[in-house]
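The values are calculated or read from the model by the stated rules, or taken from the named source; none is laboratory data. The model shown is predicted, which means the values in this text are computed figures rather than measured ones. In this analysis, Cβ positions are derived from the backbone assuming ideal geometry, glycine residues included, and neighbour counts consider all displayed protein chains. Only protein heavy atoms, including side chains, enter the accessible area calculation; ligands, DNA and RNA are left aside. Shrake-Rupley method; radii C 1.70, N 1.55, O 1.52, S 1.80 Å.
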Amino acid sequence: MSKKKIVVDAKDDQKGNITHIKIEGNQNFTSIKKAIELTEKGIIDLVVVKPSKAKVHLRTRPDGITSNNLDDLAGDK
């Protein structure tokens, strides 16, 4: 199995919700909807969170490093 791609950047909306991510090796951003599909296929190294009473979303894997979290990547602008 090939190595999963990592996220190198993210964009959020005015409410702070992550809307797009940039995957290593890509020049363009990928929508969260497409990123969820790619994560479920094992292509991106993220976790799909499916809460019972909230919207499906993505998270980085817990590693003790906050600088690679999606919210922090989006906040770097």
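Key figures for this structure:
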read-out	value
Set 73, 58: member being in a helix (DSSP H, G or I) and open to solvent by less than 50 Å² (accessible area, probe 1.4 Å)	73
Residues (of a type in the set (D, E, K, R), open to solvent by less than 90 Å² (accessible area, probe 1.4 Å) and not in a strand (DSSP E or B)) located in the stretch 1-33	4, 13, 24
Residue pairs meeting the criteria (Cβ under 7 Å; at least 6 apart or on separate chains; first more than 18 Å from residue 17 (Cα to Cα), in the stretch 37-55; second among the basic types (Lys, Arg) and open to solvent by 50 Å² or more (accessible area, probe 1.4 Å))	42/4; 43/4; 43/5; 44/4; 44/5; 45/4; 45/5; 45/61
The stretch 50-77, residues that are closer than 20 Å to residue 13 by Cβ, more than 11 Å from the chain's Cα centre (by Cα) and not acidic (Asp, Glu)	51, 54, 55, 56, 75, 77
Flag if residue 15 is of a type in the set (Lys, Arg) and more than 15 Å from residue 71 (Cα to Cα)	no
